[in-house]
Amino acid sequence: MKGGIVLDMKRLHDIVVRVEDGLVEAGAGATLQEVDAECRRHGYFFPP
């Protein structure tokens, strides 16, 4: 597309699980499998 831009968000894949708050923050480049794997490390799961 002429004049368009491309945003590559693969490197925005940080995932933070805050167990005490019951909150998960995931970057735009994080996959559902990565979010679920990080949640499982803390005893939770992510059902998309």
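Can you tell me the order of 22-31, 6-15 when each peptide is scored by its average per-residue count of other Cβ atoms within 10 angstrom, highest first?
Details: 22-31: 13.4, 6-15: 10.3.
Going by the mean number of other Cβ atoms within 10 Å, highest first, we get 22-31, 6-15.
Suppose we keep just the alpha-carbon trace of the chain; what are its Rg and Dmax in angstrom?
According to the Cα coordinates of the chain, Rg and Dmax are 14.0, 48 Å.
Can you give the local net charge around Val17? Use residues other than it whose beta-carbon is closer than 12 angstrom to its beta-carbon, Lys and Arg +1, Asp and Glu -1.
-4
Laboratory data are not the source of any read-out in this text; all were calculated from the coordinates shown. Since this is a predicted model, take the numbers as computed values, not measurements. Here Cβ is always computed from backbone atoms with ideal geometry, including for glycine, and neighbour counts include all displayed protein chains.
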